[in-house]
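Heads up: the structure comes next, in structure tokens.
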Amino acid sequence: MSDQNPVFIPGPTNIPDRLMRAMQVQTRDHRAPDFVKTFAPVLRDLKAIFGTTDGTVITFPASGTGGWEAAVCNTLSAGDTVLVARYGMFSHRWIELCERHGLDVQVIDCAWGAGAPVDDFRAALAADSGHEIKAVLVTHNETATGVTSDIAGVRAAMDAADHPAMLFVDCVSSLASIPFHMDNWGVDIAVSGSQKGFMLATGMAILGVSPKALAAMDQATLPRSFFDFRDMTAANASGGFPYTPPLQLIYGLRESLDMLFEEGLDNVYARHARLAEGVRRAVQAWGLQLVAQSPGLYSDTVSAVYVPQGFDSNVLTDHAFNAYGVSFGIGLGQMNCRVFRIGHLGSLTDVMLLSGLATLEMAMADLNYPVTLGSGVAAAQDYYRMTAGAAVRSA
Ligand code: PLP
């Protein structure tokens, strides 16, 4: 039953049939000229998604976590200082990864539900007159809390402090869904993956790397082998891979890029913004609270929602799955049992999303939540009806 329903987890996302078919190819020789013809344009076209002309796109057969590791181990040395804020499970995990690599991690702890603390970054960077901080690490879209941070603001803080640190941004749950401007924001490494905005199966870490980050490799001494940028860029220069590539995913990525370009990136972003706003109106109609502290932080790819006092969000997500065959995101880390998450990114329409909202209402009603059946769906329907023209025009 459940495999016929869309998932409403914030990644991996629903895979459109078109991408399923694109990935269903028989083994081909990755050393044949045919692969070169496919892969080189994929790398070139990915640059438009990152918003970079100066940067180099590097992919690895890995998930997003591998992308974090690649960013760190190619550019830094043990003992180097990095500045990071923790405001959710994913910023936390990136911090842990840095610690395991022996970096000196200067952590700014924030409330979960807050975004990147631009003023605190500015102060920390201004205080670092010896320029010990080699990189500032920011999670653009904190998937655990449904918060999108202001990367342009972080860049402005770095510039205001006149600090030469590199800027590394996790855009795993924002790229190809929420506007991302690698060059304009002065991002040195942007880390993403195949399984969210690209609507594909998990298995490719996708990174945008600036010339400054590539140059940092000359001094960086953290051990690297599988994730070595140099091996990858050298092989990519002739259209190849230093080891066996995830061929089916690369064919999928070709098709995914075609789909994104056919829709138009601005329309992709507008669709996500519209879907998200409908969800937020439903949450408001239910009388529930978002984890994101203020509207400027609301994520257009995932909404994290507190359950009322006395309820357990894991019971709700389990019940939605067991009774109706529909998956929602659970609360992670300190949000566990307190929060459920509605993923609204990737291959989704308003009509699909309404089915998710209706399912949540049924599950909440079954569990005696103080929520009126139909209230959230009606609020979302009103919003989607009001804005349908724009969506239809851009479809
Ligand atoms: N960063 C963010 C913002 C994420 O949402 C995730 C996964 O959901 C990751 C990093 C880790 O990526 P992966 O699970 O693909 O290793």
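Quick notes on this one:
- Ordering Leu253, Leu214 by the number of other Cβ atoms within 10 Å of each residue's own Cβ, fewest first, gives Leu214, Leu253.
- Three-way shape call for the chain based on the alpha-carbon gyration tensor, with the a/c threshold at 1.5: oblate
- Pairs of Cα atoms in the range 169-272 fall into 5 Å distance bins, from 0 up to the last occupied one, in shares of 2, 10, 18, 21, 22, 15, 7, 3, 1 percent.
- For the range 10-42 versus the range 226-262, the gap between their alpha-carbon centres in whole angstrom: 9
- Relative to the longest principal axis of the Cα atoms of the chain, the long axis of helix 89-100 lies at roughly 30 degrees.
- Acute angle (nearest 10 degrees) that the helix 265-286 long axis makes with the longest principal axis of the chain, alpha-carbon atoms: 40
- Partner aspartates and glutamates whose Cα lies under 19 Å from the Cα of Lys47, excluding those fewer than 8 positions away in the same chain, are identified as Asp170, Asp183, Asp188, Glu255, Asp258, Glu262, Glu263, Asp266.
- Prolate/oblate/rounded label for the range 98-212 (Cα gyration tensor, a/c 1.5): prolate
- Listed residues Cys73, Cys171, Cys110, most fluctuating in the chain (Gaussian network, C-alpha, under 10 Å): Cys110
- Degrees between helix 64-75 axis and first principal axis of the chain (Cα, 0 to 90, nearest 10): 20
- Neighbour counts of other Cβ atoms within 10 Å put Arg18, Arg93 in the fewest-to-most order Arg18, Arg93.
- Pairs of alpha carbons in the range 274-395 separated by more than 18 Å make up 49% of all such pairs.
- Per residue, the chain reaches -13500 deg cm²/dmol at 222 nm when only DSSP H runs of four or more residues are counted, each adding -39500 (n - 2.57).
Every number here is computed from the coordinates shown, using simple stated rules; none is lab data. Quantities reported herein were computed from a predicted structural model and do not represent experimental measurements. Neighbour counts run over all protein chains shown; Cβ positions are idealised from the backbone, glycine included.
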